[in-house]
Amino acid sequence: MKRTSLFAIAAVMTAAIMTTATVAASPRTKTPSPADKVVHAVRSTEPITLDGRLDESVWKTAPHATGFTQNDPQDGSPATEQTDVWVAYDDHALYVAAFCHDSDPSKIRKRLGRRDTQTDSDWFMVAVDPYFDKRSGYSFAANPAGAITDSALSNDVMDDDSWDGVWETQAAINGEGWTVELRIPFNQIRFPKKDEYVWGINFRRMVQRKNEQSSFNWIPKSESAFVSRFARLEGLRGISPGGRVEFMPYAVTQAQFRPSESGNPFETGKRGLANAGFDLKVGLKSNLTLDATVNPDFGQVEVDPAVLNLSAYETYYEEKRPFFIEGASLFNNFGRGGVFMNANINWPQPQFFYSRRIGRAPQGYVTEDGFVRMPDRTAILGAAKLTGKLGGSWNVGFLNAVTGREFAQIDQLGTRLSQEVEPFSYYGALRIQKDINEGRSGVGLMATGVMRDVDNETLAGILNKNAFSLAADGWVSLDKKKNWAVGGWAGATRVEGSVEDILRLQNSSMHYFQRPDATHVEVDPAATSLDGWAARFNLAKQNGSLLVLASAGAISPGFDPNDTGFQYGASDIINLQFIPGYQWTKPGKIFRYALVLGGWFRNYDFGGNKNWDGGLVEFQGQLRNFWQFNTMFAYNPDTVSKNHTRGGPLALIPSGYQVDVSVETDNRKPVVFEFEGTTYQRPRSSDEWNGQLSVRWKPGSNFSLSVGPTIGFERNDIQWVTQVDDALMAATYGRRYVFARIDQKVLGSEIRLDWTFTPKLTLQAYLQPFIAVGHYDMFKELALAKSFAYNIYGEGGSTIGYDDTSGVYTVDPDGAGGTAEPFSFGNPDFNYKSLRGTVVLRWEYRPGSLLYFVWTQNRADYANPGSLRLGRDISDLFSAPGDNIFLLKVSYRWNM
């Protein structure tokens, strides 16, 4: 199962361990159920001053919640340090106070960090479920240094830390421990208006030096639950969610410096830009929030990492733009409700909505000669999203965005032209989901659409005019404790465009309808639309020591979600997998917890060809010294690939095996090491080795530096090069499919610096040097379809020559006396060197109002293809001319 991360599989298989590691109570006595535990909120008759001192009278008279118990390291044992919590409220906000007693206050860990950064510190968290639907809610956490994190909770065990509420906290350390107060305005959270309320609530505490997590309500590690196990919060009366209108205008200025180009009027070496826009957030009634943005700017986000991609498929990049990541969990959790475990072994995991499609770089190209200035992204003229609940149990998300026409500017000896490279477009996504019977079952719907105003011939041949998708998902628990669950989804896509566009789409790597030996697909040269469907179903046992995940999925040949979504890999797949596992959640002599899993997986296409097959076994856990480890072994027998020849006939892929190992040291220490290594071996065709060592240094409470060098080596005897028409090559249906041996080396590193001056003033830096070198030789062609037989050029009467001046190979498949026509192709060797970095200074000068200063640098060099000399290449990289962009952005939040 080459390049398939089994670490991810283990992570989701251990959802019962990791997602419930936040709550605890003792198993040595009868554990109260969530319904038995009640927290009483008291209305405050005096103003509460947030100073972390707990000297208001309400904290002296209100009943307190105590009796925390561990989830880590001793699952179910009483907490070693006492915690007392009080809850109060007034007309406008909920107040929570906690006294975190400590037997040795001098050892309290207090690390500063940027918002939503889980620093290695002591923490206190409160989580509330205002709807008391036992599925959703909010969490708020603070540490002794004043750092904060918050998140929106959904699907019982999932959290989305991109949600940022506007709330306040203060903490203080004293001779008996540390205290903290939180003020959470009611208008920052959603709940229906009632005369009297019952909410769900839970508290959690982290004592970092002991690696101890304890909670007010205990959830065993062997159970997959969180919100559904909250205690009851009673006593809230006479409150209202209130209105919420936030208006946030922004202004930004940018200076770009890049190497000048002689004669090019667009590359003079410097350029200045300015822009303005605004964001608007409106609370509609008590359950819905409208977010709108006009001319949004995303200049403060981090650059995408450099990657080497020799496949036929695009690279997936994470969304980093605040407008799109906040509240994205409702869209991203499609198909995952009720079944928390997930293992996508060689399953392309189609996403119906991928927000980075909106505002991406223009997809068109210029057909005129001359100097060109191409826009680096498509302007988003405006976007709006509506999120919240309807009818008490319907979760709703509706996003709309409009992007403008983009034009490339062309200069022909002083004459200026423009050419459209991206059409005016509309993007829409609708998501609704209903929880039934306190989340024991549920149903949902997802719909997406793109409509483009394509009015020129060039764009009409490469862009779909319209694209739509419609899908439904659901789940049902098979028993009262939700140990067993069945879930899944099914959906369809439709793409419309010109004849040229749909022909291009049928022949693209997503579909390969032109495969000459395929009996179940064929190209329709007159088609103006393409339809397809996909579905996946899971049966899981996700509580207890024994875990089981059985999955079956299918993606029809015409399915294509990529206009609004993302799918890595081709359609035309039938996927089957069965992964049982067993977990130990009680600490033993060697392990604090452990998981072993194994199983089988297989892929077919719709023609019945077995495209992938194999089995795996994996073992992961945490040692008594808090070191974590993971090991995996997988084996794949011979299979046939429908994608190896990139639109050609089937080809045999030899058997192989994969070994993964990872180790992480105790993250409480000032220096933390993490190692990941993997190898994939195909004895008949290839071998690959990859390793990464990460070192994180934390010399002080407000500073951390991490360095993560990576190295990779690969030799692949059947790396794709090109294809050439030749009617004489009947064994491969009239075309020669050319491959080569590649010797590939990748060196890189990710360097991150986090310096927190105060919880509201932070500096972050990211730097990624990256070198990838590939040398091709031993060129060959597939000799026979559905085989591992290749004709090596230069043997058996064939010839191959290389012209150093032009950088072109010339091949005569049967030599000078043969009848086959010679053909040529360029030297595919490469030496890609990249240096990308960004520095971000962020200051929240008042709640919700931000100032950013950003410096971004990009530089690249391509000299000496096919040859790696580390000293020379590093020198070339750092001496290469680079682009420097300086950005200043200020926003101001008005809460009306």
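Which residues, taken from the range 860-880, are surrounded by fewer than 16 Cβ atoms within 10 Å (Cβ to Cβ) and not polar (S, T, N, Q)?
If the condition is that a residue be surrounded by fewer than 16 Cβ atoms within 10 Å (Cβ to Cβ) and not polar (S, T, N, Q), then Y862, A863, R869, L870, G871, R872, I874, F878 are the ones that fit.
Could you tell me which residue of the range 235-250 is farthest from V282 (Cα to Cα), considering only residues that are open to solvent by 50 Å² or more (accessible area, probe 1.4 Å) and part of a strand (DSSP E or B)?
Taking the range 235-250 as the starting set, the residues that turn out to be open to solvent by 50 Å² or more (accessible area, probe 1.4 Å) are 237-238, 243, 247.
Restricting the remaining residues to those that are part of a strand (DSSP E or B) gives 237, 247.
Values: R237: 25, F247: 9 Å.
Filtering first and then ranking leaves R237.
Regarding R416, is this residue surrounded by fewer than 17 Cβ atoms within 10 Å (Cβ to Cβ) and touching a strand residue (DSSP E or B) at 6+ places or on another chain (Cβ under 8 Å)? Before you say what the answer is, go through the steps one by one.
On the way: surrounded by fewer than 17 Cβ atoms within 10 Å (Cβ to Cβ): yes; touching a strand residue (DSSP E or B) at 6+ places or on another chain (Cβ under 8 Å): yes.
Here the answer is yes, as R416 does meet what is asked.
Would you pick out the residues in the range 515-537 that are part of a strand (DSSP E or B) and either acidic (D, E) or open to solvent by 20 Å² or more (accessible area, probe 1.4 Å) (or both)?
Taking the range 515-537 as the starting set, the residues that turn out to be part of a strand (DSSP E or B) are 529-537.
Result: S529, D531, W533, F537.
Which pairs turn up if I take residues in the range 544-559 that are surrounded by 19 or more Cβ atoms within 10 Å (Cβ to Cβ) and look for partners that are among the β-branched types (V, I, T) with beta carbon separation below 7 Å, at least 6 apart in sequence or on another chain?
L549/I579; A554/I573; A554/I574; I555/I573; P557/V521; F559/T493
Could you check the range 343-354 and list, in sequence order, the residues that are open to solvent by 20 Å² or more (accessible area, probe 1.4 Å) and touching a strand residue (DSSP E or B) at 6+ places or on another chain (Cβ under 8 Å)?
Taking the range 343-354 as the starting set, the residues that turn out to be open to solvent by 20 Å² or more (accessible area, probe 1.4 Å) are 344, 346, 349, 351, 353.
The answer is N346, Q351, F353.
For the range 207-234, give me the residue count where each residue is crowded, with 20+ Cβ neighbours inside 10 Å and farther than 14 Å from R135 by Cα. Steps first, please.
Residues of the range 207-234 crowded, with 20+ Cβ neighbours inside 10 Å: 207-208, 212-231, 233.
Retained after the next criterion (residues that are farther than 14 Å from R135 by Cα): 207-208, 212-223, 233.
Summing the residues that are crowded, with 20+ Cβ neighbours inside 10 Å and farther than 14 Å from R135 by Cα in the range 207-234 gives 15.
Within the range 807-823, is even one residue surrounded by fewer than 16 Cβ atoms within 10 Å (Cβ to Cβ), touching a strand residue (DSSP E or B) at 6+ places or on another chain (Cβ under 6 Å) and in a strand (DSSP E or B)?
Yes; the residues of the range 807-823 include at least one that is surrounded by fewer than 16 Cβ atoms within 10 Å (Cβ to Cβ), touching a strand residue (DSSP E or B) at 6+ places or on another chain (Cβ under 6 Å) and in a strand (DSSP E or B).
Read through the list (1) surrounded by 18 or more Cβ atoms within 10 Å (Cβ to Cβ); (2) part of a strand (DSSP E or B), then give the number of the only condition that Q409 fails.
Result: Q409 fails condition (1) only.
Before we move on, is G796 more than 46 Å from the chain's Cα centre (by Cα), in a loop (DSSP other than H, G, I, E, B), surrounded by 13 or more Cβ atoms within 10 Å (Cβ to Cβ) and small (G, A, S)? Reasoning before the result, please.
Numbers: more than 46 Å from the chain's Cα centre (by Cα): yes; in a loop (DSSP other than H, G, I, E, B): yes; surrounded by 13 or more Cβ atoms within 10 Å (Cβ to Cβ): no; small (G, A, S): yes.
No: the conditions fail for G796.
What is the one condition in (1) among the charged types (D, E, K, R); (2) in a strand (DSSP E or B); (3) surrounded by 15 or more Cβ atoms within 10 Å (Cβ to Cβ) that D883 does not satisfy?
Looking at each condition in turn, D883 falls short on (3).
Give the number of residues within the range 140-169 that are open to solvent by 10 Å² or more (accessible area, probe 1.4 Å) and either closer than 15 Å to Q188 by Cα or part of a loop (DSSP other than H, G, I, E, B) (or both). Talk me through it step by step, then tell me what you get.
We begin by selecting, within the range 140-169, every residue open to solvent by 10 Å² or more (accessible area, probe 1.4 Å); these are 144-146, 148-149, 152-155, 157-164, 166-169.
Still in the running and either closer than 15 Å to Q188 by Cα or part of a loop (DSSP other than H, G, I, E, B) (or both): 144-146, 149, 152-153, 155, 157, 161-164, 166-169.
Here the count works out to 16.
What residue, among those in the range 266-290 that are within 25 Å of S849 (Cα to Cα) and of a type in the set (S, T, Y), is surrounded by the most Cβ atoms within 10 Å (Cβ to Cβ)?
Per the criteria, the residue is S286.
Which pairs turn up if I take residues in the range 360-371 that are closer than 15 Å to N464 by Cα and at pLDDT 90 or above and look for partners that are assigned to a loop (DSSP other than H, G, I, E, B) and hydroxyl-bearing (S, T, Y) with beta carbon separation below 8 Å, at least 6 apart in sequence or on another chain?
Correct list of pairs: P362/T378.
Taking N831 and the conditions (1) open to solvent by 20 Å² or more (accessible area, probe 1.4 Å); (2) in contact with a Phe, Trp or Tyr (Cβ under 9 Å, 6 or more places away or on another chain), which numbered condition does it fall short on, given that it satisfies the others?
Single failed check for N831: (1).
So, of the residues in the range 657-673 that are open to solvent by less than 60 Å² (accessible area, probe 1.4 Å) and not hydrophobic (A, V, I, L, M, F, W, C), which turns out to be farthest from N690 (Cα to Cα)?
R668
Residues are listed down the side, and each one gets a yes or a no for (1) of a type in the set (S, T, N, Q); (2) part of a loop (DSSP other than H, G, I, E, B); (3) in contact (Cβ under 8 Å) with a residue 40 or more places away in the chain:
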site: G691; (1), (2), (3): no, no, no
site: R696; (1), (2), (3): no, no, no
site: P699; (1), (2), (3): no, no, no
site: S706; (1), (2), (3): yes, no, yes
site: R715; (1), (2), (3): no, no, no
site: T722; (1), (2), (3): yes, no, yes
site: Y737; (1), (2), (3): no, no, yes
site: A740; (1), (2), (3): no, no, yes
site: G748; (1), (2), (3): no, no, yes
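Considering only the range 618-646, state which residues are over 30 Å from K780 (Cβ atoms), within 28 Å of the chain's Cα centre (by Cα) and of a type in the set (S, T, N, Q).
Q620, Q622, Q628, N630, T631
Among the aliphatic types (A, V, I, L, M), touching a Leu at 6+ places or on another chain (Cβ under 8 Å) and surrounded by 21 or more Cβ atoms within 10 Å (Cβ to Cβ), is that true of A383? Lay out the reasoning, then the answer.
On the way: among the aliphatic types (A, V, I, L, M): yes; touching a Leu at 6+ places or on another chain (Cβ under 8 Å): yes; surrounded by 21 or more Cβ atoms within 10 Å (Cβ to Cβ): yes.
It is true that A383 is among the aliphatic types (A, V, I, L, M), touching a Leu at 6+ places or on another chain (Cβ under 8 Å) and surrounded by 21 or more Cβ atoms within 10 Å (Cβ to Cβ).
All but one of (1) surrounded by 22 or more Cβ atoms within 10 Å (Cβ to Cβ); (2) of a type in the set (K, R); (3) touching a helix residue (DSSP H, G or I) at 6+ places or on another chain (Cβ under 6 Å) hold for K134; state the number of the condition that does not hold.
The one condition K134 does not meet is (1).
Can you name the condition, by its number, that T493 falls short on among (1) open to solvent by 40 Å² or more (accessible area, probe 1.4 Å); (2) outside any loop (DSSP other than H, G, I, E, B)?
Result: T493 passes all but (1).
If you take the residues of the range 234-270 that are of a type outside the set (D, E) and touching a His at 6+ places or on another chain (Cβ under 8 Å), which of them is nearest to H92 (Cα to Cα)?
Step one: list which residues in the range 234-270 are of a type outside the set (D, E), which gives 235-245, 247-260, 262-266, 268-270.
Applying the additional criterion that residues be touching a His at 6+ places or on another chain (Cβ under 8 Å) yields 235, 242.
Values: G235: 15, G242: 8 Å.
Per the stated criteria, the residue is G242.
Taking only the range 48-91 into account, find how many residues are touching a Leu at 6+ places or on another chain (Cβ under 7 Å) and within 19 Å of N217 (Cβ to Cβ).
Kept after step one, since they are touching a Leu at 6+ places or on another chain (Cβ under 7 Å), are these residues of the range 48-91: 87, 89.
Imposing the further condition that a residue be within 19 Å of N217 (Cβ to Cβ) reduces the set to 87.
Residues in the range 48-91 being touching a Leu at 6+ places or on another chain (Cβ under 7 Å) and within 19 Å of N217 (Cβ to Cβ): 1 in total.
So which of D524, D501, D563 is acidic (D, E) and within 27 Å of R431 (Cβ to Cβ)?
D563
Check R183 against each of (1) surrounded by fewer than 23 Cβ atoms within 10 Å (Cβ to Cβ); (2) closer than 30 Å to G444 by Cβ; (3) modelled with pLDDT of 95 or more and name the one condition it does not meet.
(2)
Name every residue in the range 669-689 that is in a strand (DSSP E or B) and under 18 Å from I718 (Cα atoms), in order of residue number. Steps first, answer last, please.
The first filter runs over the range 669-689 and keeps only residues in a strand (DSSP E or B), leaving 671-682, 686-689.
The answer is T679, Y680, Q681, R682, S686, D687, E688, W689.
Any chance you could count how many residues in the range 498-514 are farther than 20 Å from A570 by Cα and either free of Cβ contacts under 8 Å to residues at least 24 places away in the same chain or surrounded by 17 or more Cβ atoms within 10 Å (Cβ to Cβ) (or both)?
If we filter the range 498-514 for residues that are farther than 20 Å from A570 by Cα, which is where we start, we get 498-500.
Applying the additional criterion that residues be either free of Cβ contacts under 8 Å to residues at least 24 places away in the same chain or surrounded by 17 or more Cβ atoms within 10 Å (Cβ to Cβ) (or both) yields 498.
So the count comes out to 1.
Within the range 372-383, track down each residue that is under 23 Å from the mean Cα position of the chain (by Cα) and modelled with pLDDT of 90 or more.
Matches in the range 372-383: T378, I380, A383.
Sort through Q583, Q577 and tell me the only one that's in contact with a strand residue (DSSP E or B) (Cβ under 7 Å, 6 or more places away or on another chain), at pLDDT below 95 and not β-branched (V, I, T).
None of the other options fit; the residue is Q583.
The values are calculated or read from the model by the stated rules, or taken from the named source; none is laboratory data. A quick note: this is a predicted structure, and the numbers were derived from the prediction, not measured. Using ideal geometry, Cβ is built from the backbone for each residue, glycine included, and neighbour counts are taken over all protein chains shown. Areas reflect the complete protein model, heavy atoms only, side chains present, ligands, DNA and RNA absent. Shrake-Rupley method; radii C 1.70, N 1.55, O 1.52, S 1.80 Å.
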